[in-house]
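Data block below; observations after.
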Amino acid sequence: MKHSHLISLTTLTMCSVLSGCAATTPFPPKVMERVSPTFHFEAWRDASPTNASGQSDSGLTVELGGRIVQASRNGKGIVIVAEQLPIVTHPVYGPTEDIKRTGDYEFAFLYPGELEPQDLRNGNRFVIVGKTTSRRPIVVNGVPKTEPFLVADCIHVWQTGRTEIAEFKESVGGGYSPLPEKTYCVAQQ
């Protein structure tokens, strides 16, 4: 009897340790099931009609990370212009600017719901899950542009401003405060 408890305890401990090392996502598993594992931001951004697998990148459900450049409300929700950033899992989960790259990584998306005003501040980091569409005309800082566009089902926002997520400390006290973050999802039909 004691042997079986030891095995159960060991198994439980290993599962806890392994899940602690695995990348976590703030979105419900049902949302993540639809995310395309073969999406390439650069191909979508460059308006390539098909991706390497021969499927159109329009209408794919994807996960993207980024930094808010500009946010404005329209009759359908909130349009956010963003700079795409790679999503990392170490030292913490989220988008990061620590990876060196060149080129244009701007895109826009519609979140057809409400977000708190502090979550829309310029520089805040986010991860979204949404469906790609064709390029759309938008205005960025008074300049008309056509950007790759998607409609977001869910968004997770970190109130970072221009600071890296990993630079925030988990403990309160000693001059540190926890990083405010929140997940929003629109109701699925």
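Where a number appears in this text, it was derived from the coordinates with a stated rule and is not lab data. Model, not experiment: these values are computed from the prediction. Every residue, glycine as well, gets a Cβ built from its backbone with ideal geometry; the counts of neighbours run over all protein chains shown.
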Item to check | Burial order of peptide ranges 110-119, 80-89 (average beta-carbon count within 10 Å, highest first) | outcome: 80-89, 110-119
Checklist entry - Which links in Lys30/Lys131; Lys30/Lys145; Lys131/Lys182; Lys76/Lys182; Lys145/Lys182; Lys76/Lys145 stretch past 24 Å when you go from one Cα to the other? => result Lys30/Lys145; Lys145/Lys182
Item to check | Residue order, fewest to most surrounding Cβ atoms within 10 angstrom, among Val92, Val127, Val143 | outcome: Val143, Val92, Val127
Checklist outcome for this item: From fewest to most C-beta neighbours within 10 Å, the residues His40, His156 line up as His40, His156
